[in-house]
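Values in this text are rule-based calculations from the coordinates and carry no lab data. What you see is a predicted model, and the numbers here were worked out from it, not measured in a lab. So basically every Cβ, Gly included, is an ideal-geometry build from the backbone, and we count neighbours across all protein chains shown.
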Ligand SMILES: NC(=O)c1ccc[n+]([C@@H]2O[C@H](COP(=O)([O-])OP(=O)(O)OC[C@H]3O[C@@H](n4cnc5c(N)ncnc54)[C@H](O)[C@@H]3O)[C@@H](O)[C@H]2O)c1
Ligand SMILES: [Zn+2]
């Protein structure tokens, strides 16, 4: 269990993260310390039905809060929705001393965090992530924002939540796809951290993990991200380690979207990590037995992503358009020398990427 100190005692990059399956108690304790003048709770149309009644039954703070509901889905993480949240805060008398409790996945915590960071130049907010992806990734680390002009997360701010309460309590209504998608980001943290953490994750199937065991895994995983973020809160260097699997993963995600058969973000990351581990093997000698084990895990848990060499030009173009890349010839990767040994800012040429895509297709058996 983490502590429940008020955020004002922490460095700006430090974040108060509480791991507990007694979520109601934790929220009431944080609210008791910060003593906001008025409470608001932000949910989406799904967490309004699936989570809020359960939370209101165990937390006086949540029960008494003024509710704001937004439409579910990343397509609603936009300016219109943000303006609705600002309006409702304003019409219901929110001040800089009020607090917003974000209850939901990454969409609610990203948009709610940004709404709170900007309303009256900043009111308190806490995150209660209710998806696995939210718990291990979106709700921690201080990146808040919305999509704008068809560009993901184009508008936003770095602003740490005053507290994040992480629990596995609400995962029982998530789909298998949602669980597996979030688990891929946990595996990413395992790859960045150590063979021990990585092995623990790929030796289990996310569908079989009980709530208490999951809480331990969440804690281990979130602390990996927290350590990296605390060392580099505004992504000047080391934080780019968290992009592992994402340069190629985003390209797979975009390709799937262009084909009108979207794949969940975490699935794209699982496939992207496979290709980037192949590149790590080619360029930095990442051990082939670990690569083989990971490939087997992906095949079993994420099936395969179908693409052919005819897709290579498009995939390379999507990678080149990634904001971190100065030119198509200079595509920037986070790679691994071995599990836990990170190398950021590796420049990889197009021919090597094509070879890695060939090997990925072999490993996936497509
Ligand atoms: N800020 C960051 O550092 C960061 C990191 C990664 C991702 N993100 C953002 O997070 C978002 C993706 O997060 P996500 O996958 O949580 O998306 P999401 O918030 O859209 O949640 C996925 C779906 O699950 C529903 N849901 C939420 N909790 C549920 C529950 N307990 N049971 C059943 N259904 C539930 C939601 O209503 C939604 O339909 C994206 O917008 C992405 O950009 C942000
Ligand atoms: Zn991701």
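For this structure, a couple of remarks:
- So residue 72, is it touching a strand residue (DSSP E or B) at 6+ places or on another chain (Cβ under 7 Å), under 16 Å from residue 15 (Cα atoms) and touching a residue at least 24 places away in the same chain (Cβ under 8 Å): no
- Segment 121-155 - residue that is surrounded by fewer than 17 Cβ atoms within 10 Å (Cβ to Cβ) and at positive phi and, of those, nearest to ligand 2 (Cβ to nearest atom): 153
- Scanning segment 251-262 for residues that are within 15 Å of ligand 1 (Cβ to nearest atom) and surrounded by 21 or more Cβ atoms within 10 Å (Cβ to Cβ) gives a single hit, 253.
- Of all residues in segment 96-141, those satisfying the criterion of being more than 23 Å from residue 61 (Cα to Cα) and more than 7 Å from ligand 1 (Cβ to nearest atom) are 121, 132, 136.
- Residue within segment 300-309 that is surrounded by fewer than 18 Cβ atoms within 10 Å (Cβ to Cβ), farther than 22 Å from residue 204 by Cα and within 16 Å of ligand 1 (Cβ to nearest atom) present: no
- Selection count where residues are buried (at least 17 other Cβ atoms within 10 Å of the Cβ) and outside any helix (DSSP H, G or I), scope segment 48-65: 3
- Residue count for segment 254-294, restricted to those that are more than 18 Å from the chain's Cα centre (by Cα) and within 14 Å of ligand 2 (Cβ to nearest atom): 1
Results for (1) over 26 Å from residue 158 (Cβ atoms); (2) touching a helix residue (DSSP H, G or I) at 6+ places or on another chain (Cβ under 6 Å), shown as yes or no for each residue.
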{"position": "235", "(1), (2)": "no, no"}
{"position": "252", "(1), (2)": "yes, yes"}
{"position": "258", "(1), (2)": "yes, no"}
{"position": "262", "(1), (2)": "yes, yes"}
{"position": "271", "(1), (2)": "yes, yes"}
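- Helices (runs of 4 or more DSSP H) contained in segment 176-237 and holding at least 3 residues within 14 Å of ligand 1 (Cβ to nearest atom): 176-193, 211-231
- In segment 72-113, of all residues being within 16 Å of ligand 2 (Cβ to nearest atom) and closer than 12 Å to residue 138 by Cα, the one that is surrounded by the most Cβ atoms within 10 Å (Cβ to Cβ) corresponds to 109.
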